[in-house]
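The values are calculated or read from the model by the stated rules, or taken from the named source; none is laboratory data. On a predicted model such as this, the values are computed, not experimentally measured, just so you know. The accessibility values were calculated without ligands, DNA or RNA, using every heavy atom of the protein model including side chains. Shrake-Rupley method; radii C 1.70, N 1.55, O 1.52, S 1.80 Å.
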Amino acid sequence: MEAFANPMKNNTSIKSIAKVLQNQLCEVYSPEEAQSITSIILEEVLGITLTQWVMDPEISIEPTQEKQLQEVLRRAMQQEPIQYILGKAHFYGLDFRVGPEVLIPRPETEELVALILEEHLSTSGKSPLEVLDIGTGSGCIPIALAANLPKAHVHALDISTPALDLAKRNALHHQCHIDFFQCNILLETPLLPALDIIVSNPPYVLESEKAAMNNNVLLHEPHSALFVPNDDPLLFYERIAGLAAELLAPKGKLYFEINEKYALDTEAVLEKFKFRQIVTAKDIHGKDRIVIGQKS
Ligand code: GLN
């Protein structure tokens with residue numbers, strides 16, 4: 001941290017600050033991650049975009065901002081995700097408040113939302129869709145859907161009350177009306193009107209996969225939103241597919257984000273519950289990430 005203090009005191013130009021941030025962060029992150037965290041810090045803490053920085057690297061910062069930067073860097077060096085440090089994350093073009101009570105929204109989940117919208121944007125104006133998100137966390141899925149499907153009636157549940165409180169604040173911020181409710185779907189069946197869409201990004205990481213995970217996820221994100229026992233990897237998929245078979249209207253659709261290792265097994269679960277037109281879609285990295293089925 002010393003290396004940070006000296007150049008900051010002597011020279012507070014953006015160029016030197018960026019260099020210090022980058023060098024320090026490289027001690028705990030890969031150079032690519034360090035670079036991306038550096039530009040997020042510059043943009044969010046100092047309000048300086050990459051373009052401004054490139055065009056005028058010598059612009060200087062206020063002493064108060066220097067203190068703030070020190071604190072953000074101190075936390076980032078402990079591998080706390082930058083989204084938790086700043087208290088916000090971007091998802092599908094929207095800002096979301098996030099904290100350690102919820103998972104940080106992932107780009108893969110943006111792809112899930114994009115796929116649902118692709119399939120429903122053209123018909124959504126005709127009849128109001130009934131939508132349910134299971135395990136909503138920050139509320140990123142239902143809010144992104146509601147923001148783009150203004151006629152939809154969106155419901156969202158989670159087992160965690162602190163997560164729901166945060167999701168409600170996010171919905172309020174985006175002026176979306178979502179019916180949030182607390183529910184442990186492993187034990188309860190929610191009472192809802194016949195649904196057109198059920199979407200879920202449930203916990204799907206195996207305990208045995210922990211060894212390969214980064215500390216910024218392992219030490220900071222909620223394990224209850226991430227992990228499933230090694231001997232029951234499809235715990236949530238079995239239960240949610242069963243619920244969906246009950247709660248979906250005829251031709252209603254179920255959209256799952258999945259662990260890339262379990263595409264075929266998830267498809268088999270949907271077959272067991274008599275879903276049709278079962279499809280697996282890959283994410284941007286070419287990994288099996290989404291499984292879709294239609295109720296007959
Ligand atoms: N995609 C997340 C991760 O890899 C996991 C999300 C989940 O378990 N639903 O960290």
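If you rank R239, R289, R97 by how much accessible surface each has, with a 1.4 Å probe, what is the order from largest down? Walk me through the numbers before you get to the answer.
Values: R239 65, R289 15, R97 115 Å².
If we order R239, R289, R97 from most to least accessible, we get R97, R239, R289.
Here K261 is the anchor, and the lysines within straight C-alpha reach of less than 26 Å, apart from those fewer than 8 places off in the same chain, are K210, K253, K272, K274, K282, K287, K295. Note that the chain presents 49 Å² accessible area per residue, ligands and nucleic acids not counted, probe 1.4 Å.
Indicate the gyration tensor shape class of region 168-265 (rounded, prolate or oblate), computed on the Cα atoms with a ≥ b ≥ c the square roots of the eigenvalues: a/c under 1.5 is rounded; otherwise a/b larger than b/c is prolate and the rest oblate. Please report the intermediate quantities before stating the final value.
On the way: a/c = 2.19, a/b = 1.32, b/c = 1.66.
Oblate.
Which log10 I(q)/I(0) values, to two decimals, does region 14-165 give at q = 0.09, 0.11, 0.21 Å⁻¹ under the Debye formula with one point per Cα? Ignoring solvent entirely, the Cα scatterers give -0.39, -0.56, -1.23. Shape class for region 8-77: oblate, because the ratio a/c of the largest to smallest gyration tensor axis (alpha-carbon atoms, square roots of eigenvalues) is 1.5 or more and b/c is at least a/b.
Mind running the shape call on the chain? Use the C-alpha gyration tensor, a ≥ b ≥ c as the square roots of the eigenvalues: rounded below 1.5 for a/c, prolate if a/b tops b/c, oblate otherwise. Present the calculation step by step, with values, prior to reporting the outcome.
Values: a/c = 2.43, a/b = 1.93, b/c = 1.26.
Prolate, because a/c is 1.5 or more and a/b exceeds b/c.
Surface composition of the chain: carbon plus sulfur atoms hold 53% of the accessible area, using a 1.4 angstrom probe and ignoring ligands, DNA and RNA.
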